Amino acid sequence: MDAEALRLDGNAAAGLLDQIFASEVTTVRGTCAGCGRTSSIGALLLYGGAMGAVLRCPGCEAVVLRAAAIRGRYLLDLRGAAHLELRDGA
Amino acid sequence: MSFISRGFKGRGRREGAAGRLPPGQYLEHGFPVLSAGPTPHTPLDRWDFTMVGQVDQVRRWTWDEFLALPAETITRDIHCVTKWSKLDSTWTGVSVDTLLDGVETSADYVLAFCDGGYTTNLPLEDVTGGKAWIAYAYEGQPLAPAHGGPARLLVPHLYFWKSAKWVRGLELLAADQPGFWESLGYHNRGDPWREQRYWGDE
């Protein structure tokens, strides 16, 4: 069976992603794409003031995560994170 | 009662402020600090300013060479997207026109790059024609590191995030490339008089 036959649309991942985005954010651990250091969200260094959250790695100061509230929507940039790890709170 | 409202408004504002605050802004007398990252402390003997990208040849100035360029002292109002405006701030620096003098380019855009990795993008026409400077003094004193020293871009006719702190150069580009805040929902151009704060603002 080829890959296209197995492919689903993104909605099929909704259950998994709902679990992730409903997670308690303070339990999230992020790994810096720059230096590989893993830190809890609370251990990241917050800059950006009123413009948005710029969360930097405590090891190398690279940006791990950026977020901003823009006229009723939220933008999240995870380019600086190799991955996020979220604990199953259930 | 309308004449009372007008009178109160007139006395309540700092003299000269009327008509100088873009929509949605308030008058700030201090100088708030907003930063996307830690303050870099690049030694002046390792500082340079470069003009790179679509140029006939890369231009580079050391700190001493930069200070030897013709300087201008200008007084302008500045407007932060977080809604404060500060009137009559006085800066000394080198006009971007001076830095581009003799540079052959077909670029239409620039991306300012900085110590610490910050970037901001602008159309070339927003930094030429006496509209932008690389400023190294504020109110007659060397520009403090918290405010972008040793040198920052100054583009006072646009929201102040365009006036990149700790600037180290301009990359001239044929195609526009969103900078740090412009890629996180902030307006690509940022004209305070048109209240261009966010993506989608006209």
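General remarks:
- Cα lying deepest toward the dipole's positive end in chain B, options B:LEU100, B:THR62, B:THR119, charges on Cβ: B:THR119
- Antiparallel DSSP beta bridges within the range B:44-194, as percent of all bridges there, nearest 5: 90 percent
- Along the axis of the charge dipole computed for the range A:3-85 (Cβ charges of +1 for Lys and Arg, -1 for Asp and Glu, origin at the Cα centre), the listed residues A:ALA62, A:CYS32, A:GLY10 are led at the positive end by A:ALA62.
- Counted by Cβ distance under 14 Å from B:PHE31, the other residues give a net charge of 0, where Lys and Arg count +1 and Asp and Glu count -1.
- DSSP-assigned coil residues among GluC sites (Glu not before Pro) in the range B:35-131, each with at most 11 further Cβ atoms within 10 Å: B:GLU104
- Square roots of five times the Cα gyration tensor eigenvalues for the range B:44-194, Å: 21, 20, 14
- Around the Cα centre of the range B:44-194, unit charges on the Cβ atoms of Lys, Arg, Asp and Glu (plus for the first two, minus for the last two) sum to a dipole of about 560 debye.
- Percent carbon-and-sulfur accessible area, chain A, ignoring ligands, DNA and RNA, probe 1.4 Å: 55 percent
- In the full protein context, the range B:44-194 carries 39 Å² of accessible surface per residue, based on a 1.4 Å probe and ignoring ligands, DNA and RNA.
- For B:LYS83, the shell of other residues with beta-carbons less than 12 Å away shows a net charge of 0, using +1 for Lys and Arg and -1 for Asp and Glu.
- The value obtained for the protein assembly as shown, namely the Cα convex hull volume divided by the number of residues, is 210 Å³ per residue.
- Carbon/sulfur fraction of accessible area - the range B:44-194, other protein chains in place, 1.4 Å, %: 48 percent
- When chains B and A come together, the accessible area they lose, probed at 1.4 Å and totalled over both chains, is close to 1600 Å².
- With protein chains left intact and a 1.4 Å probe, residues in chain A average 66 Å² of accessible area per residue.
The values are calculated or read from the model by the stated rules, or taken from the named source; none is laboratory data. Everything numeric here is computed off the predicted structure, so don't read it as measured data. Note that each Cβ is placed from the backbone with ideal geometry, even for glycine, and that neighbours are counted across all protein chains shown. Calculation scope for accessible area: heavy atoms of the full protein, side chains included, ligands and nucleic acids excluded. Shrake-Rupley method; radii C 1.70, N 1.55, O 1.52, S 1.80 Å.
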